[in-house]
Structure formats: structure tokens, C-alpha cells
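> I have a structure here, written as C-alpha cells, and I will follow up with some questions on it.
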Amino acid sequence: MTEKLQFRIDGMTCGGCSGRVKGVLESNSNVESAAVSHENNTGTVITNGQISAGELVKIIEQTGYSAAISSSP
């Protein structure tokens with residue numbers, strides 16, 4: 001079952017930053033797709049339901065940015 005998760009990601013300053021986060025997220029076999037915006041400091045991740053939001057936060061933080069689970073708009 002797929003799951004859509006939204007995050008606030010702070011510290012990104014350019015398209016390269018958001019591209020890096022997107023690439024790291026999508027390299028995880030449990031992530032189906034990711035959309036990351038440095039302009040809005042947000043990320044939306046579609047998973048296969050086999051990875052927790054907390055694990056995704058850790059992955060984002062390992063790239064050098066701070067992240068938190070965001071409530072749905």
C-alpha cells in the first residue's frame with residue numbers, strides 16, 4: 001500500500017540542494033517517488049509503505065538538512 005508523506009526541509013538554498021535530497025530519497029528501494037522544493041522548503045514522498053516517516057527524516061538529515069514531518073495541507 002502506497003503512502004504519501006510531506007516534510008518541511010530547512011537549509012536548502014538552491015536547485016542543487018533539492019536535487020540532492022530528491023536523489024538520496026529516490027535511491028531508497030522503499031521510495032517510489034519524491035518531489036522536493038527548495039523555494040518552499042518542502043518535500044513530498046510516495047513510499048511503498050515499508051519505511052517510516054521517521055526513517056525518511058533521518059535520511060534527509062544525513063544529507064545535511066533539517067527535516068520534520070509536516071501535516072497535510
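The values are calculated or read from the model by the stated rules, or taken from the named source; none is laboratory data. As the structure is a computational prediction, the values presented were derived from the model and not from experiment. Counting neighbours? That spans all protein chains shown, and the Cβs are built from the backbone with ideal geometry, glycine included. Heavy atoms of the whole protein, side chains included, go into the accessibility calculation; ligands, DNA and RNA do not. Shrake-Rupley method; radii C 1.70, N 1.55, O 1.52, S 1.80 Å.
> Counting other C-beta atoms within 10 Å, and keeping those with at most 14, which DSSP coil GluC sites (Glu not before Pro) do you find in the chain?
Numbers: sites: GLU3, GLU26, GLU32, GLU39, GLU55, GLU61; in loops: GLU39.
Within the chain, the qualifying GluC sites (Glu not before Pro) (loop, at most 14 other Cβ atoms within 10 Å) are GLU39.
> In whole Å and largest first, what semi-axes does the C-alpha gyration tensor of the chain yield when each eigenvalue is scaled by 5 and square-rooted?
Values: eigenvalues 63, 31, 23 Å².
Those come to 18, 13, 11 Å.
> Quick check: at a probe of 1.4 Å, how many percent of the accessible area of the chain sits on carbon and sulfur atoms?
On the way: 1960 of 4130 Å².
After summing per-atom areas, the C and S share lands at 48 percent.
> Something else now. In whole Hz and in residue order, list the ³J(HN,Hα) couplings for the range 54-59 that follow from phi through the Karplus curve 6.51 cos²θ - 1.76 cosθ + 1.60, θ = phi - 60°; x for Gly and Pro.
x, 5, 5, 4, 4, 4
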